[in-house]
Amino acid sequence: MTKADLVNEISKTTGIEKAAVLATIEKFMEIVKDSLANGENVYLRGFGSFIVKTRCEKTARNISKNTTIVIPEHKIPAFKPARVFMDEVKK
């Protein structure tokens, strides 16, 4: 399902204009991105959590040049689904 499909489905089921639904979804995504960029997690009960994970420093190999490189510690965004969400998907 794409963002356009999501907008169409929400608009159809709620009766709200597509432009308003799109603006709401865009703002939601912006707030989640800004929160994660500031190190704040976003918790949505019954759905899941958008969290920031820290990847440890590690050593990797560049096979083509036969050299070793160090990948520094860095943060990545992640989504952890709620148990209720997981149970629905597993059905």
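Conditions tested, residue by residue: (1) under 22 Å from F85 (Cα atoms); (2) in contact (Cβ under 8 Å) with a residue 60 or more places away in the chain; (3) not hydrophobic (A, V, I, L, M, F, W, C).
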site: V7; (1), (2), (3): yes, no, no
site: K18; (1), (2), (3): no, no, yes
site: V21; (1), (2), (3): no, no, no
site: F28; (1), (2), (3): yes, no, no
site: S35; (1), (2), (3): no, no, yes
site: G48; (1), (2), (3): yes, no, yes
site: T59; (1), (2), (3): no, no, yes
site: I63; (1), (2), (3): no, no, no
key: Cβ pairs under 8 Å, 6+ apart, first in region 71-83 and assigned to a loop (DSSP other than H, G, I, E, B), second among the aliphatic types (A, V, I, L, M) and modelled with pLDDT of 95 or more   = A82/L44
inquiry  = Among the residues that make up region 61-82, is at least one of them among the charged types (D, E, K, R), in contact with a helix residue (DSSP H, G or I) (Cβ under 9 Å, 6 or more places away or on another chain) and either modelled with pLDDT under 95 or on the phi < 0 side of the Ramachandran plot (or both)?
reply    = yes
remark   = In region 12-67, anything touching a Ser or Thr at 6+ places or on another chain (Cβ under 6 Å), open to solvent by 60 Å² or more (accessible area, probe 1.4 Å) and assigned to a helix (DSSP H, G or I) is listed as K18
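The values are calculated or read from the model by the stated rules, or taken from the named source; none is laboratory data. These figures come from a predicted structure and were not determined experimentally. For neighbour counting, all protein chains shown are included, and Cβ atoms are generated from backbone atoms with ideal geometry for every residue, glycine included. Side chains included, ligands, DNA and RNA excluded: accessible areas come from the protein's heavy atoms. Shrake-Rupley method; radii C 1.70, N 1.55, O 1.52, S 1.80 Å.
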